[in-house]
Amino acid sequence: MSDKIPVTVLTGYLGAGKTTLLNRILSEPHGKKYAVIVNEFGEIGIDNDLIVGADEEIFEMNNGCICCTVRGDLVRIIDGLMRRKGKFDGIIVETTGLADPAPVAQTFFMDEEVGRKTKLDAVITVADAKWLRDRLKDAPEAKNQIAFADVILVNKTDLVSKDELEEVEGRIRAINPYAKLHRTERSNIALDQVLGRNAFDLDRILTIEPEFLGDEHDHHHDHDHHDHDHGHAHHHGPSGLKHYHDEEMQSLSLRTDKALDPDKFFPWVQDLVQTEGPQILRSKGILSFKGDAKRFVFQGVHMILDGDHQREWRADEKRESRIVFIGRNMPEDKIREGFARCVA
Amino acid sequence: MTDTANTPSIADRTHLIQSGSPVVGVHFLGDTAAFVLGEETLLLVPNQGEEQRVAVHGGGILASASAGDRIVTGGDDGKIAATAPDGTTEIIATDPKHRWIDHVAVGLDGTVAWSAGKQAFVRAPKGEIRTVEVPSTVGALAFAPKGFRLAIAHYNGVSLWFPNAAAKPEILEWKGSHLGARFSPDGKFLVTAMQEPTLHGWRIVDGKNMRMAGYAARVRSLDWSLGGKWLATGGSNQLILWPFAGKDGPMGKQPKLLAVMLARAEVVACHPKQDVVAVGYTDGLVLLVRIDDGAEILAKRPGDAPITALAWSEDGAILAWGTEDGAAGVLAL
């Protein structure tokens, strides 16, 4: 497990600052060496013999699932890179500005050899503070990249006013309240905030709570974003956070303190991702099953679910089940009702 | 399930070598075993005499094939090299953009083929380089046993290219990503290994499709038994042999299943003179399996990393194996 090479996926719309971040990762003195899979060779200003050009070839799997796509070129390139195992500490995949992150992520679950030798660390999305709002309106790719992210850099903050910044952060939160948000100028960020995040590691799913930027106080109340007022922005308590609702892409958070029946839950969730998989971009859950001393955790990308028992529930811990879906036009009532029926 | 503890063993006769780097392929040049290492180097181990390390590429070695008298390799340095048993190396070509050379293949007359991205190339001995572009990145290359024809596997099918003809390649279509390709020794069938755990086959004469499914994992190794009677494959916790003796190949027939283990059979190599298959497993085991009755002989005990390479010498007297962790062995039978 630990000797698997971590892979960081770098997304972001055209001009958001991906390449600047990449150059930063490659040039800062952190003592680590990264193999980099890029689409545009010329933009990397760093001499590195482990830079590989990719073609973003997206292949469908012959398993009857239209959303089960993989990046065929990644399967090939990672296989090739692993011949030089020991020459690098991690792999960074930079996608084009118009790329959907899902096929990249799914490659790590669908190809056994890739999954055996490498592990997906996190999806990092660089967002342009000035232009993201417009892109969310006209570019579905930009919305996918925000919805899919584990970490979002709200970049070029020096080019916008405080109000504009809060506005764009509100828009991001409306789509994905669970990603870690950072404000950056020229993609300037401490690299441990983007590398070695273990965002796809089941052992690291500790809590599922919305993340809020730079404001840790007074946020222990529930932030189920489907419950807030739809339509207009409103200021939210002392934090000054703006809240929006995105008509198309939302997160749906469900919880119950009643123990679940695994014989009901697994068929339900399998069926849900089979039928709604194309709409559900990411899912994550911590579950309390009846008569089970251990927490069960899972995470998913479209139709692919990955789950396992984690640690035992602690005595001082509230035994509740919590799941989150981020997706596009999800049938909220159907999902709520289905989940409610999984109670033991 | 076979328990190898009581299997007759010839493993003790093995000459062991620590290559120090993952073994990604092995071929024989006469009685010299040429181990292809993950990075830069070929390790030449003659039956008699000193072993020799030859630095061939400035980086990873991505593909290799034997031309009988030399080993052809493709590297991530964009070079295609040919190395003789005495260690002399000739650079056959260098990709002008230094792209990765993902695949190489050698035809019967020594013609070399390679691919970089969507482009496939051939160069006949003393001939000029010819090239063709296929719809997506090349997944595998294979020369037909007769005629100057190259199969180029890619997404959604295989292009059959006559490099000497001006015509566009003929495409055998089948949805999905094709990552390995082999013609049957009589040239009547072409089989590909797919991204999914399945094989696909075509009868060349009429393009009839054959689907060979039921694998646990992506099939990474296929080989034809003596005379092309069977197609031996890894990809499952047993040796799977598809019957290809009749004119319909395996259509409507069941495969033969031998040498069931807990670990997965990863690499197969058919003996050149007998109906025997060497099978390398993910737990480091190598078995020699007789096709007729499934009798097994242990050639390497389990332990170590997965077997990644297996080859027989042309006369079938020597078997060579290598592992993902760089262990290698030469076993004279």
Exercise. Quick one: what are the phi-derived ³J(HN,Hα) couplings along segment B:155-165, Karplus 6.51/-1.76/1.60 with θ = phi - 60°, whole Hz, x for glycine and proline?
Key: 5, 6, x, 10, 9, 9, 10, 9, x, 8, 9
Quiz item: From the square roots a ≥ b ≥ c of the eigenvalues of the alpha-carbon gyration tensor of segment A:1-121, which class results: rounded (a/c under 1.5), prolate (a/b over b/c), or oblate?
Solution: oblate
Practice problem: Could you pull out the GluC sites (Glu not before Pro) across segment A:255-344 that fall in loop regions by DSSP (anything but H, G, I, E, B) with no more than 15 other Cβ atoms inside 10 Å? | Solution: A:Glu317, A:Glu320
Quiz item: Going toward the positive end of the dipole of the protein assembly as shown, with +1 on Lys and Arg Cβ and -1 on Asp and Glu Cβ, which of B:Thr41, B:Gly228, B:Gly59 do you reach last?
Solution: B:Gly228
Quiz prompt | Neighbourhood charge, 13 Å Cβ-Cβ cut-off, centred on B:Pro306 and excluding it, Lys, Arg +1 and Asp, Glu -1 | solution = -2
Quiz item: Quick one: buried accessible area between B and A, total over both chains, 1.4 angstrom probe, nearest 100 Å²?
Solution: 2200 Å²
Self-check item: Viscosity 0.890 mPa s, 25 °C: Kirkwood-radius Stokes-Einstein D of segment A:132-201 over Cα pairs, µm²/s
Solution: 192 µm²/s
Quiz item: Based on the alpha-carbon gyration tensor of chain A and its eigenvalue square roots a ≥ b ≥ c, which shape applies: rounded if a/c is under 1.5, prolate if not and a/b is larger than b/c, or oblate?
Solution: oblate
Quiz item: Given the pairs A:Lys117/A:Lys156; A:Lys143/A:Lys264; B:Lys146/B:Lys175, which span a C-alpha to C-alpha distance of over 31 angstrom in this model?
Solution: A:Lys117/A:Lys156; A:Lys143/A:Lys264
Self-check item: Separation between Cα centres of segment A:101-149 and segment B:16-82, rounded to whole Å
Solution: 39 Å
Exercise. Work through the residues other than B:Pro46 whose Cβ is under 12 Å from its Cβ and net out their charges, Lys, Arg +1 and Asp, Glu -1.
Key: -4
Quiz item: Tell me, what % of the accessible area of the protein assembly as shown is carbon and sulfur with a 1.4 angstrom probe?
Solution: 48 percent
Quiz item: Relative contact order for chain A using alpha-carbon pairs under 8 Å, separation at least 6, rounded to a whole percent?
Solution: 16 percent
Exercise. Could you give the size of the charge dipole of segment B:1-147 about its Cα centre, using +1 on the Cβ of each K and R and -1 on the Cβ of each D and E, expressed in debye and rounded to the nearest 20?
Key: 520 debye
Quiz prompt | Average accessible area per residue (Å²) across chain B - probe 1.4 Å, nucleic acids and ligands excluded | solution = 40 Å²
Practice problem: Show which aspartates and glutamates lie in cross-link reach of B:Lys256 when reach means a straight Cα distance below 19 angstrom and same-chain residues fewer than eight apart are skipped. | Solution: B:Asp223, B:Asp248, B:Glu266, B:Asp275, B:Asp292, B:Asp293, B:Glu296
Practice problem: Can you quote the Å³ per residue value for the convex hull of the Cα atoms in the protein assembly as shown, rounded to an integer? | Solution: 176 Å³
Quiz item: When only C-alpha pairs under 8 Å and at least 6 residues apart count, what is the relative contact order of segment B:215-255, in percent?
Solution: 29 percent
Quiz item: lysines near B:Lys97 by alpha-carbon distance under 16 Å, same-chain residues fewer than 8 away left out - which ones?
Solution: B:Lys79, B:Lys118
Self-check item: Relative contact order, percent, chain B [alpha-carbon distance under 8 Å, six or more residues apart]
Solution: 15 percent
Quiz item: Is the shape of segment B:59-128 rounded, prolate or oblate, going by the alpha carbon gyration tensor and its root eigenvalues a ≥ b ≥ c, with a/c under 1.5 for rounded and a/b larger than b/c for prolate?
Solution: oblate
Quiz item: For q = 0.14 Å⁻¹, what log10 I(q)/I(0) does chain B give under the Debye formula with an equal point scatterer on each alpha carbon and no solvent?
Solution: -1.12
Practice problem: Can you work out the accessible area per residue across chain A, with the rest of the protein chains kept in place, probe 1.4 Å, in square angstrom? | Solution: 42 Å²
Self-check item: B:Ser221 - accessible surface, heavy atoms, 1.4 Å probe, Å² rounded to 10
Solution: 10 Å²
Self-check item: Calculated FRET value between B:Ala11 and B:Ile129, using beta carbons and R₀ = 60 Å, to 0.05
Solution: 0.85
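The values are calculated or read from the model by the stated rules, or taken from the named source; none is laboratory data. Computed from a prediction, not measured in an experiment: that's the story for all the values here. Glycine also receives a Cβ, built like all others from the backbone with ideal geometry; neighbour counts cover every protein chain displayed. With ligands, DNA and RNA removed, areas are computed over all heavy atoms of the protein, side chains included. Shrake-Rupley method; radii C 1.70, N 1.55, O 1.52, S 1.80 Å.
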